[in-house]
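Values quoted throughout were computed directly from the atomic coordinates according to the rules given, and no laboratory measurement underlies them. Please read all numbers here as calculations on a predicted model, not as lab measurements. Glycine also receives a Cβ, built like all others from the backbone with ideal geometry; neighbour counts cover every protein chain displayed.
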Amino acid sequence: MKPTQENLFAALRSAFPTQLDATAIEAADGEGAPRYYTWRDLDRASAKIANLLASLDLPQGARVAAQTEKSVEALMLYLGVLRAGYVYLPLNTAYQSSEIEYFIGNAEPSVVVCTGRNHPWVSKIAFKAGTQNVFTLNEDRTGSLLDRAAQHSDEHTPAVKQADDLASIIYTSGTTGRSKGAMLSHGNLLSNAQVLKTYWGWRKGDVLIHALPIFHVHGLFVALHGALLNASKMLWFNKFDPKAVIARLPEATVFMGVPTLYVRMLAEPALNRDVVKSVRLFISGSAPLLKETFDEWRQRTGHTILERYGMSETIMLTSNPYRAEDGPRIGGTVGYALPGVGVRVHSDEGRPVPAGEIGGIQVRGPNVFKGYWRMPEKTAEEFTADGWFKTGDVGKMEADGRVTIVGRSKDLIISGGYNVYPAEIEGFINEMPGVAESAVVGVPHPDFGEGVIAVVVPKPTHTLQADAIITALKGKIANFKVPKKVFVLPDLPRNAMGKVQKNVLREQHKGLFQH
């Protein structure tokens, strides 16, 4: 019996338009005339790369690690890896040598692709770890990967893969301990892309502005698969530039961004209702969207941002409604479980909590990962006895199923025996005049176990007084929740996706109350 073909690339390729010479991607940033890539270019280039990989005599399930700057050619590498049936391992371009040493040592890739400027030190680490092949790929379409691939045929039959076969390993950001490699299968990725295609109303003629990194679930899977599965043209930005993106909004129908991108566009006078009139959907994720940003965007553009919720281990889990008849998009919430996805809220003891009460969010569905790479004990620990994945996020679900995320379980502060949820306190601080944003964390305290502290960022031209913030909070929340110390600083530490790195704040202030 012939095995069924479940290769994600084959599914994406089958969605390409019949007119392969139509534009698939327009490289929209950079100097000079824009570059255009047709669907045929994507097909041929991914075939050449797949044939190059096949020629290397790699073992079954070989990992291909890529630490490259964003480019259309880097996207072609991803498609080529899927096509050849290997496992794609994207790595953040900000990672330094000790981090790369860990990832290469842990994943043991057969192939590493890096930028030319990083080749001297990356190749040293890779060869020492036993990697056989190291190629370069640069933003300007140069590098040994493309040189070698050019020598291969532009025809390739996709490797036969089952839905359960591994397609990608995504390393989580590792806020506690070492990063874990989330193993995502062809079936995980395809099922989620198909659900989102329907749920977000992808339609013929849609044009996506792609301005996200492609080493992360949001840009690599959610945005990219959405456009490819819908045969939609992409306006492609290697780097986000608010002015340049706003200038192209009149040609787009879909935009996906992290909250920071929306904040930066709101700072531009050119953003108005006229430039966004052709856009049908603005989506935000990867970090919480401030209610203020949500409201200001609606006031300024007439559009209500759709906020959704997902993780490296699960891709997308919930979404605010796309269609008006399915209910309103409510700022500060992440909507309802996507079709086929189960979401529930349980206590630490494993019991369901009543609607509207806070607990740990657990999920299951065809999108949920296979486990952590080479960490069977950690994998077992993160799943319940009845097979639900414990997300590590804390939140609540209303009686109608709408979900609100309150924070990460590891961010929960236990002060004097009381549970303190940082997001609740941040909500009060962020409403104060002159406050741009805030982050609340717990640090060791000799009397209370953990002491609550807040780091607050003022709006431009505003001056904030720490004592005044504490006084204002005392009139609004229980005393055990009031920060014992407030720091007013120009900005918060963030990772590449715009998430506030609370672990950095905890580390910086861990000695504050130690006598």
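What ranking do Ile209, Ile125 get, fewest neighbouring Cβ atoms within 10 angstrom at the top? Can you show the working numbers first?
On the way: Ile209 25, Ile125 20.
Ranked by crowding around the Cβ, least crowded first: Ile125, Ile209.
Annotation for region 320-356 versus region 186-200: alpha-carbon center distance of 18 Å. Computed from the alpha carbon atoms alone, the convex hull of the chain holds 173 Å³ per residue.
Estimated from helical segments only, the mean residue ellipticity of the chain at 222 nm is -8000 deg cm²/dmol, where each DSSP H run of four or more residues counts as -39500 (n - 2.57).
Note on Tyr418 and Lys204: the extension gain reaches 71.8 nm, defined as 0.36 nm multiplied by sequence separation minus the Cα-Cα distance.
Under the rule a/c < 1.5 gives rounded, and otherwise a/b versus b/c splits prolate from oblate, where does region 299-429 land using the Cα gyration tensor? Display every interim value, and only then the final one.
Working: a/c = 1.83, a/b = 1.23, b/c = 1.49.
Oblate, since a/c reaches 1.5 and b/c is not below a/b.
Amide H contacts under 5 Å for Arg494: Gln501, restricted to partners 5 or more places along the chain or on a different chain, H placed in the peptide plane at 1.01 Å from N. The Ser123 and Ala15 beta-carbon pair, evaluated with R₀ = 41 Å, returns a calculated FRET efficiency of approximately 0.65.
When DSSP beta bridges are restricted to pairs lying wholly in region 1-145, around 25% turn out antiparallel. Taking other residues whose beta carbon is less than 15 angstrom from the beta carbon of Gln60, and scoring Lys, Arg as +1 and Asp, Glu as -1, yields -2. Here the gap between Asp326 and Thr471, fully extended at 0.36 nm per residue and compared with their Cα-Cα distance, gives a gain of 48.0 nm. Counting other Cβ atoms within 10 Å as a rough exposure proxy, the listed residues Phe103, Phe389, Phe237, Phe127 run Phe127, Phe237, Phe389, Phe103 from fewest neighbours to most.
Within the chain, what percent of beta bridges assigned by DSSP are antiparallel, to the nearest 5? Write out the running numbers ahead of the final one.
On the way: 48 of 80 bridges.
Roughly 60 percent of the beta bridges in the chain run antiparallel, per DSSP.
Under a 5 Å amide H cut-off, with hydrogens placed 1.01 Å from N, Val435 pairs with Lys459 among residues at least 5 apart or on other chains.
Look at the alpha carbon pairs under 8 Å that are at least 6 residues apart: their mean separation over the length of the chain gives a relative contact order of 10 percent.
Near Ile283, within a Cβ-to-Cβ distance under 9 Å, what is the net charge of the other residues, with Lys and Arg +1 and Asp and Glu -1? Walk me through the intermediate numbers first.
Numbers: positive: Arg308; negative: Glu307.
Here the count lands on 0.
Here the label points at Asp400 and Glu108, each 7 Å from Cα along the C-beta direction, are separated by 5.2 nm in the simple model.
Mind checking the full-extension length gain between Glu381 and Asp154? Use 0.36 nm per residue of separation minus the Cα-Cα distance, one decimal, nm.
Extra length available between Glu381 and Asp154 comes to 77.2 nm.
Given axes a ≥ b ≥ c from the Cα gyration tensor, I'd like to know whether region 412-508 is rounded (a/c under 1.5), prolate (a/b larger than b/c) or oblate. Could you put the intermediate results ahead of the total?
Values: a/c = 1.87, a/b = 1.20, b/c = 1.57.
The shape class here is oblate.
Would you mind classifying region 334-409 by shape? Square roots of the alpha carbon gyration tensor eigenvalues, ordered a ≥ b ≥ c; an a/c under 1.5 is rounded, otherwise it is prolate if a/b is larger than b/c and oblate if not.
Values: a/c = 2.09, a/b = 1.53, b/c = 1.36.
Prolate, since a/c reaches 1.5 and a/b exceeds b/c.
Helix 72-84: angle to the longest alpha-carbon principal axis of the chain, degrees 0 to 90, nearest 10? Here the helix axis deviates by roughly 70 degrees. In a simple Cβ point-charge model (Lys, Arg +1; Asp, Glu -1; nothing else charged), region 104-242 has a dipole of about 300 debye relative to its Cα centre.
Amide H to amide H distances under 5 Å link Gly371 with Met183, where only residues 5 or more positions off or on other chains count and H is placed in the peptide plane.
Across region 414-427, coupling constants 3J(HN,Hα) worked out from phi with the 6.51/-1.76/1.60 Karplus curve, θ = phi - 60°, read 10, 10, x, x, 9, 7, 10, 9, x, 4, 5, 5, 4, x Hz, and Gly and Pro carry x.
Angle of helix 39-55 to the longest C-alpha principal axis of the chain, folded into 0 to 90 degrees and rounded to 10: 80°.
The angle between the Cα long axis of helix 291-301 and the longest principal axis of the Cα atoms of the chain comes to about 60 degrees, rounded to the nearest 10. Electrostatic tally near Lys474: other residues with Cβ closer than 13 Å to its Cβ, Lys and Arg +1, Asp and Glu -1, net +2.
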